[in-house]
């Protein structure tokens, strides 16, 4: 069992029951999924339709697979935008949807290893909630994860991380993530 999942069941659920005043454990907020995505606009600008053959694209794909433990899905452009030299069907990004054990293991590594390694880290933005109990954050480089060898990174690339919960509102989601150990700025 993942360490964070065990912590959720033993420590977080009883605290949520008392804080929210709900005795039914099925009504308590929990993690639903985590979506990790990388936009590769520079790779498209450099090589157009052949972005998958680009070194930037290949490096981002292998790094995302290493960090998440899952093969990324290639996202394609839905519309053509002439100002960005983008046509419908071009490969523009990568994403991975994590659920279950992998989700908890990724969140544990994110909280305990990757986020503290960010330069000048003073806490995560507490305003990253969307109004429905989901939290979004961005990392400027994926090199903060310990699985990535910094010597092999030739292109600095950022990533977006969206943590989806079953919480009814932002307050419940903030409470859940705080109890799980997310270091929010005060």
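Here are some notes:
- Looking across region 114-137, the residues that are under 29 Å from residue 54 (Cβ atoms) and surrounded by fewer than 15 Cβ atoms within 10 Å (Cβ to Cβ) come down to 117, 118, 119, 136.
- Residue count, region 73-111 (criterion: at pLDDT 90 or above and either more than 22 Å from residue 36 (Cα to Cα) or touching a strand residue (DSSP E or B) at 6+ places or on another chain (Cβ under 6 Å) (or both)): 10
- Residue within region 138-146 that is closer than 16 Å to residue 31 by Cβ, exposed (fewer than 15 other Cβ atoms within 10 Å of the Cβ) and at pLDDT 90 or above present: no
- Filter pass, residue 29 being at pLDDT 90 or above and crowded, with 16+ Cβ neighbours inside 10 Å: yes
The values are calculated or read from the model by the stated rules, or taken from the named source; none is laboratory data. Source: prediction; values computed, not measured. Note that we place each Cβ from the backbone using ideal geometry, even for glycine, and neighbour counts take in every protein chain shown.
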